[in-house]
Each structure stands twice: as structure tokens, then as C-alpha cells.
Amino acid sequence: MTDSWSLNASDGELLIRTGVTGRAARMGHQLTIAVTCWRATVSWKDAEPVGAVLAVEVGSLEVLRGEGGVKGLSAPEKALVKSNALRSLDAGRYPEIRFTADAIDMTDDGYRLTGTLRIRGRSREHVIALRTEDLGHAWRMSAESKVRQSDYGVKPYSLLMGSVRVADEVSVSFTAVHAKGDRVAGGRF
């Protein structure tokens, strides 16, 4: 028997966290950016997951906050940060980021997803450790993964002639809850 789950931003959250580097890094902000439009599909065969796809709409990035820096981020500064991020990702030409898991292996606390991450037209192998937790009526899934922007041709934003730069490596975190009644019994899910 084959079926699938569908998840989106109403089921959880997808966040990107950046760091700051450069001689004047203290002036910059460590950003937390929400992806407000994403969808994930998990394919099942019998009681085991056999495939997963996560698609992110690049234009849906929203700057939630900036920690550190000389002062807090104002609304116009958040809009500028978003504009810079969309330009760095070339969102007009590459409106989607996609992770496709080709292999899913059970681990002690969830699953190991091995597949391809495609950003800005470039693809690389990527591995995600997905943790699962039984809530009784539902499953909670969570993951955190590091992505080096330069691996995908993304030039991290900088200012003051490179004295303040967004760190090349960003952290992507995912959490979602899915009701048990939406799937057949068996397996870890």
C-alpha cells in the first residue's frame, strides 16, 4: 500500500538563522528568517517512509528578528534585509529551493534522509537527521541542518566593504506536527 502525507506552513515552521563575520561583525545582526510558504510531501510504502520532498518558495522569506548589532532592526531595515536576501538568491530566476530525499533510513530517534538539495540552480547531496516524537494523537518532527551558501553559488551579503558579512554557513530548522489519524498504522509513524 502506498500513500502520502502533505505538510505546509500551517503544520509547522521552517526557519533560517544566519551569523555575522568580518572585522566589524559586532555591528551586524544574527538574523532569524521565517519561510512562510513551503510544502513537504512524504511518500509511504506499507508502513515505512520511502521518499520525501520539501519545496520552499524563495519569495516567502520574512525577517523575524536580528540579534546583536548596534541597535535593533526597524521595519524598513527588515525589508532591506529581505530584498538583499532575495537578490543574493536570485529569487526572480530561481523562485524555489527543493530538497528531495532518495533514501530514508530509520535511526534511534527518527530518520536519516539522504538526497539532493537544489538552490539557485545548483544541486548537491545533502543529509538531514529528522527526529520524531510520539505525542499520542500526533507525531512531532524536527530537524536542524547546516547549509553553506557558497556551495550553491550564493554570495553572502556584505556591507562596509566586506567589514560586515552574513556568515557563509546558515542553519535551517524545521518543526511540524502531523495527526496520526491521517495515515495507516505501523512503523515509527
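Accessible surface comparison of 131, 122, probe 1.4 Å, protein chains only, largest first: the order is 122, 131. Using only Cα atoms, tell me the angle between helix 75-88 and the longest principal axis of the chain; keep it within 0 to 90° and round to the nearest 10. The helix 75-88 is inclined about 70 degrees to the chain.
Treating only the Cβ atoms of Lys and Arg (+1) and Asp and Glu (-1) as charged, compute the dipole magnitude of the chain about its Cα centre; round to the nearest 20 debye. Can you show the working numbers first?
On the way: 26 positive and 23 negative charges, 196 e Å.
Computed about the Cα centre, the dipole is about 940 debye.
Between residue 169 and residue 151, the distance separating the two model label sites (each 7 Å from Cα on the Cα→Cβ line) works out to 1.0 nm. Mean residue ellipticity, 222 nm, helices only, the chain: the sum of -39500 (n - 2.57) across DSSP H runs of n ≥ 4, divided by residue count and rounded to 500, is -2500 deg cm²/dmol. Each of residue 106 and residue 144 was given a label point 7 Å from its Cα along the Cα-to-Cβ line. The distance between the two points is 2.7 nm.
Here the gap between residue 37 and residue 133, fully extended at 0.36 nm per residue and compared with their Cα-Cα distance, gives a gain of 32.2 nm. Computed over all pairs of different Cα atoms, the Kirkwood value for the hydrodynamic radius of the stretch 1-96 is 15.4 Å.
The values are calculated or read from the model by the stated rules, or taken from the named source; none is laboratory data. Please read these numbers as outputs of a predicted model, since none were measured by experiment. Virtual Cβ from ideal backbone geometry, glycine too; neighbours counted across all protein chains shown. Side chains included, ligands, DNA and RNA excluded: accessible areas come from the protein's heavy atoms. Shrake-Rupley method; radii C 1.70, N 1.55, O 1.52, S 1.80 Å.
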